[in-house]
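The values are calculated or read from the model by the stated rules, or taken from the named source; none is laboratory data. Bear in mind the structure is a predicted one, so any value in this text is a computation, not a measurement. Ideal geometry is used to build each Cβ from the backbone, glycine not excepted, and the neighbour counts take in all protein chains shown. Remember, those area values only see protein heavy atoms, side chains included, never the ligands or the DNA or RNA. Shrake-Rupley method; radii C 1.70, N 1.55, O 1.52, S 1.80 Å.
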Amino acid sequence: MARFTRELASSATSVVILSIFVLFNNLSSSVFVSAVVLDPSTTILHPPNADINRQTMFLPLFPSPPSSSPISSFSGDGKTQLHLQKSDSHRRNARMALHDDLIIDGYYTTWLWIGSPPQKFALIVDTGSTVTYVPCSTCQECGNHEDPKFDPKSSSTYKSVKCNKNCTCDKDKKQCVYENVYAEFSSSSGVLGEDIISFGNQSEVSPQRAIFGCENVETGNLYSQHADGIIGLGRRYPSLVDQLVDRGVISDSFSLCYGGMDIVGGSMVLGGIPPPSGMVYSYSNPARSPFYNIDLKELHVAGKRLALSETVFNGSLGTVIDSGTTYGYLPEAAFLAFKKAIMKEVHSVKQIKGPDPSYDDICFSGAGSDVSQLVKSFPSVEMVFGKGEKLLLTPENYLFRHSKVHGAYCLGIFQNGNDPMTMLGGIIFRNTLVMYDRKNDKIGFWKTNCSDLRAPLAV
C-alpha cells in the first residue's frame, strides 16, 4: 500500500517500492525491511487525475521469497513453532465490518483489538502488504490518528520479538525491527511485537497471538492519515492471514466485499466461506509474483470485445488486484481502446471538464444522481478470464462521482503510464464479493449487495 498525495501527483516519477526480505533461517519464515528503487524501466503507477478531496492508494511491490512453510510461525522467543493443520470443516472464520469511503478516504479500514485488556485500532485493509502495524506509545514521530497509540506496558500479554539470528535487529541488538517505505516516500518503522489480537464480536475466531509492528516513526501521508495503521493480508509471512493459517485457525482463504457508490464500508471474512452459486473464478498464479493476480484475457464494452491481443493483460506482473489501490490502471493500448469504446457508447450525456483544471479527467454530465439508473447512460463492461468465464461490471465499477457537478461522473480507470502491468483497485469491485481462495490458487467474484453480506452468505 502506498498513497500519492495530490501535491505529489503533479511531479510523480516512476517509483517502485521493493520490500526487501530478511528471511528467517528456520522454515523460511520472514521479517521485512524495505527500500525504494528508482528505475524508469520498471513499474510506473501514476496517480489518477483527481480532485483535491480524493486520496489514492497503491500497493508496495516486493519480490517473492523462497517458499515458506505452510505450518510455521515465528514466536517472540526466536524459536520456530509447528502447528498441526486442522481440517477445513473444523475451522472457523472471522467476519469483520469495513469502514470509511474508498473515494474520499482512499481506503477501507477494519477494526482490530490488540492486547490485554484490548486496545482498539482502525487499520487500512491492504492485500498488497504483509506487515500489520499500529503506532506505539513510545512513538515521538507519529501523527494524530483515529485511536490512541498502542501501549505495550498496559498489556499483560505483550511480548517483544527479541533480537536473534533470524531477523533484523535494532542498534542495541535487543529487538527485531521492521521498516516499510512507500511510493511517495512516506514510511513506517518500528519494532516487532507479539500479543493477543481480537477480531470483534462478529467473529467466530477467538483471540489469537500474532506478530505485528509497533510503530516508532512514520512520515509523509502515513503521519497525516486518519487511519491508525495497516492490516497486511498479502500472500507472504508475516501477513496476518498467513499467521492464522499456519496456526490452523482458519482455512487458507479470505474474502472482501466493498459497498457500492455512495455506500460507506463493506465486509471482510478471514477464513473460508461456502462459495455462492454463480461465482466466477480466475486462476491466480502464486509462482508468478507475490501479488494476487488473475488471468484476464479480454475486455468487452457493451457486449463488444475490444480489439486487443490477450497478451496485453499479461505484461510485467500480469493483472493484479489489490485492495490497497483505489482505481483501475490499464496498459496504454488497453486504456485507449477502452476509452474509445466508452465514448462511442455514451449518447445521452455531455462530456465536461473534470473537477480540477490541473488534470485531464474524462467526465460526463446529465446522467442524474440515481446510481441504479446509470446503466441507461453508460455501457456495461465484462472481464473475460482464462476459461471463458465473464464478470459483469456495471457503471459504478468504473465511474466515480464528479465532486463539483451534480449528476456528473468521471472515469475511474486510467492509463498506467508506459508500464505493461494491469492493476485493478477497489473501485472495480464495488458490490462484488471477492474470494481469495489461496488454497486452490484461484480468486472468485460474485456480484451482490455488499452492504448486507451476512444474510446471503449465512456467515
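Summing +1 for each Lys or Arg and -1 for each Asp or Glu, what net charge is found among the other residues whose Cβ lies under 10 Å from the Cβ of GLU298? Result for the neighbourhood of GLU298: +1.
Accessible surface ranking for LYS339, LYS387, 1.4 angstrom probe, highest first: LYS387, LYS339. Working from Cα pairs under 8 Å separated by at least six residues, relative contact order for region 132-269 is 25 percent.
Would you work out which of ASN201, ASN166, LEU233 lies farthest towards the positive end of the dipole of region 124-237, given +1 charges on the beta-carbon of Lys and Arg and -1 on that of Asp and Glu, about the Cα centre? Most positive-ward Cα: ASN166. Exposure check, 1.4 Å probe, all protein chains in place: ASP360 carries approximately 130 Å² of accessible surface.
Computed over the alpha-carbon pairs of region 275-392, the distance histogram in 5 Å steps reads 2, 9, 16, 20, 20, 15, 11, 5, 2, 0 percent, short to long. Annotation: lysines with alpha-carbon distance below 30 angstrom to LYS339 (same-chain offsets under eight excluded): LYS297, LYS304, LYS350, LYS353, LYS376, LYS387, LYS390, LYS404, LYS442, LYS447. Volume of the convex hull of region 384-424 (Cα atoms only), normalised per residue: 82 Å³. Measuring with a 1.4 angstrom probe and ignoring ligands and nucleic acids, HIS347 comes out at about 150 Å² accessible.
Considering only THR110, PHE121, PRO152, and ranking their Cα positions along the charge dipole of region 109-248 that arises from unit charges at the beta-carbon of Lys, Arg, Asp and Glu, the one farthest toward the positive end is PRO152. The calculated FRET efficiency for ALA307 paired with GLU204, based on their beta-carbon distance and R0 = 60 Å, is about 0.80. Once backbone amide H atoms are built at 1.01 Å from N, ASP295 has TYR283, GLY386 as its partners under 5 Å, excluding neighbours fewer than 5 places away on the same chain. Here, region 196-287 has an Rg and a Dmax of 15.8, 46 Å when only alpha carbons are counted. Computed on protein heavy atoms with a 1.4 Å probe, the accessible areas place ARG235, ARG209 in the order ARG209, ARG235, largest first. When nucleic acids and ligands are ignored and a 1.4 Å probe is applied, SER365 ends up with an accessible area of around 30 Å². What separates the Cα centres of region 225-260 and region 173-217 is a distance of 12 Å. Using a cut-off of 28 Å between alpha-carbon atoms, which lysines can reach LYS165, once sequence neighbours fewer than 8 places away in the same chain are excluded? Here the lysines satisfying the reach criterion relative to LYS165 are LYS79, LYS153, LYS173, LYS174.
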